[in-house]
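Since the structure comes first, as structure tokens, the remarks are kept for the end.
Values in this text are rule-based calculations from the coordinates and carry no lab data. Bear in mind the structure is a predicted one, so any value in this text is a computation, not a measurement. Every residue, glycine among them, receives a Cβ derived from its backbone with ideal geometry; neighbour counts consider all protein chains shown.
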Amino acid sequence: MTVKTIGLIGAGHIGSQLARLAVQHGYEVVVSNSRGPDTLNDLVRELGPRARAGTTEQAAAAGDIVVVTIPLKNISDVPVEPLAGKIVIDTGNYYPQRDGHIAELDSEEVTTSELLQRHLPASKVVKAFNHIYAAQLTTDGEPAGSKNRRALVIAGDDAAAKAVVTNLLDEFGFDAVDAGPLKEGWRIQRDTPGYGPRRTAEELRKDLAAARRYADQ
Ligand SMILES: NC(=O)c1ccc[n+]([C@@H]2O[C@H](COP(=O)([O-])OP(=O)(O)OC[C@H]3O[C@@H](n4cnc5c(N)ncnc54)[C@H](OP(=O)(O)O)[C@@H]3O)[C@@H](O)[C@H]2O)c1
């Protein structure tokens, strides 16, 4: 598939930094947040002519790929219909202090990205960019084949969608390590070995294998 426009639902630390990265690589971006497009004028000005702001519905409709990058507690606000059939990248993490307690996540019956997939049943959710600090998105990327290139984990239930996101990561400067389906996304949740530090693909594979459930930590 040809990706020309990336929609962003959420324009905070990660959303705005992904928008910068996307624009640097020649993509059009449509950014959105909860307060409305008028609150994103400064960001759009900074991003330049490839960027515009919209409502969350407009960002969802405009994106060939759409990134959901908002606090987990608010994912039920994400528009469903305009995302049907689309690849949706989920950067989300669960922080009970911020998100409130969610029983299914506390018991680890589901993963965060499975919750978003449940909310967006006709979309192809791919977990990505959840374990890198926002600022490092634009500092740590390197061309394919660079020695010790940084790698990032993806997870998803749709192989074709994961291939598209793998290509996007590669273009943005990162190797991709596939953790498997969304239900395996817990292997890169907070407090796992791969969550946060700079890792190569080989290191990250070891981190995924070494991850332990919260109950076993
Ligand atoms: N910060 C990081 O380095 C980092 C790294 C990896 C993953 N993450 C994860 O990525 C997610 C986003 O993190 P962040 O640090 O970027 O958060 P953030 O800086 O707090 O930004 C959150 C963004 O989401 C928007 N938002 C909140 N509720 C919304 C809603 N109902 N509809 C539309 N937009 C809404 C906010 O818009 P308003 O301001 O208008 O409400 C804001 O633009 C979190 O799950 C976080 O754990 C963060």
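If R0 is 41 Å, what FRET efficiency do you get for ASP170 and HIS101 from their C-beta distance, rounded to 0.05?
Details: r = 37 Å, r/R0 = 0.91.
Given R0 = 41 Å and the Cβ-Cβ separation, E is 0.65.
Report the longest stretch of the chain that contains none of the GluC sites (Glu not before Pro) sitting in a DSSP loop with at most 14 other Cβ atoms within 10 Å.
110-217
In whole Hz, with x marking every Gly and Pro, tabulate ³J(HN,Hα) for region 84-101 from phi via Karplus 6.51 cos²θ - 1.76 cosθ + 1.60, θ = phi - 60°.
Per residue, the Karplus-derived 3J(HN,Hα) values read 4, x, 9, 6, 10, 8, 10, 9, x, 9, 9, 10, x, 4, 8, 9, x, 7 Hz.
Quick check on region 40-104: what are the equivalent-ellipsoid semi-axes from the Cα gyration tensor, as sqrt(5λ), descending, whole Å? Intermediate results must be reported in sequence, preceding the final value.
Values: eigenvalues 123, 53, 18 Å².
Values for region 40-104, descending: 25, 16, 10 Å.
Based solely on its DSSP helices, what 222 nm [θ] is calculated for the chain when runs of n ≥ 4 H residues each add -39,500 (n - 2.57) and the sum is averaged over all residues, nearest 500 deg cm²/dmol?
Taking each H run of at least 4 residues, the total per residue is -8500 deg cm²/dmol.
Among the listed pairs LYS4/LYS127; LYS4/LYS183; LYS4/LYS206, which are separated by more than 32 Å between their Cα atoms? Before the final figure, lay out each step's value.
On the way: LYS4/LYS127 20 Å; LYS4/LYS183 29 Å; LYS4/LYS206 34 Å.
From the list (LYS4/LYS127; LYS4/LYS183; LYS4/LYS206), the Cα-Cα distance tops 32 Å for LYS4/LYS206.
Rg (Å, one decimal) plus Dmax (Å, integer) for the alpha carbons of region 1-97?
Cα-based Rg and Dmax for region 1-97 come out at 12.3, 39 Å.
Loop only per DSSP, at most 15 neighbouring Cβ atoms within 10 Å: give me the chymotrypsin sites (Phe, Trp or Tyr not before Pro) in region 87-190, ordered by residue number.
On the way: sites: TYR94, PHE129, TYR133, PHE172, PHE174, TRP186; in loops: TYR94, PHE129, TYR133, PHE174.
Loop-located and lightly packed - TYR133.
Please work out the Kirkwood hydrodynamic radius for the chain, using every pair of different C-alpha atoms, and report it in angstroms with one decimal place. Walk me through the intermediate numbers first.
Details: mean 1/r = 0.0581 Å⁻¹.
17.2 Å is the Kirkwood radius here.
Charges at C-beta only: +1 for Lys and Arg, -1 for Asp and Glu. How large is the resulting dipole of region 1-83 about its Cα centre, in Debye rounded to 20? Display every interim value, and only then the final one.
On the way: 7 positive and 8 negative charges, 41 e Å.
Using only the charged Cβ atoms, the result is roughly 200 debye.
In region 104-157, which trypsin sites (Lys or Arg not before Pro) are in a loop and have at most 11 other Cβ atoms within 10 Å, using DSSP for the loop call? Present the calculation step by step, with values, prior to reporting the outcome.
Numbers: sites: ARG118, LYS124, LYS127, LYS147, ARG149, ARG150; in loops: LYS147, ARG149, ARG150.
Filter output for region 104-157: LYS147.
Counting only C-alpha contacts under 8 Å and six or more residues apart, can you give the relative contact order of the chain as a whole percent? Numbers along the way, then the final one.
On the way: 444 pairs, mean separation 36.1, N = 217.
Relative contact order of the chain: 17 percent.
Counting only DSSP beta bridges with both residues in region 59-217, tell me the antiparallel percent, nearest 5.
Taking every DSSP beta bridge with both residues in region 59-217, the antiparallel ones total about 15 percent.
Please name which of VAL78, GLY92, ALA51 has its Cα lying farthest along the dipole of the chain towards the positive end, using unit charges on Cβ (Lys, Arg +1; Asp, Glu -1) and the Cα centre as origin.
Comparing the listed Cα positions along the dipole, ALA51 ranks first.
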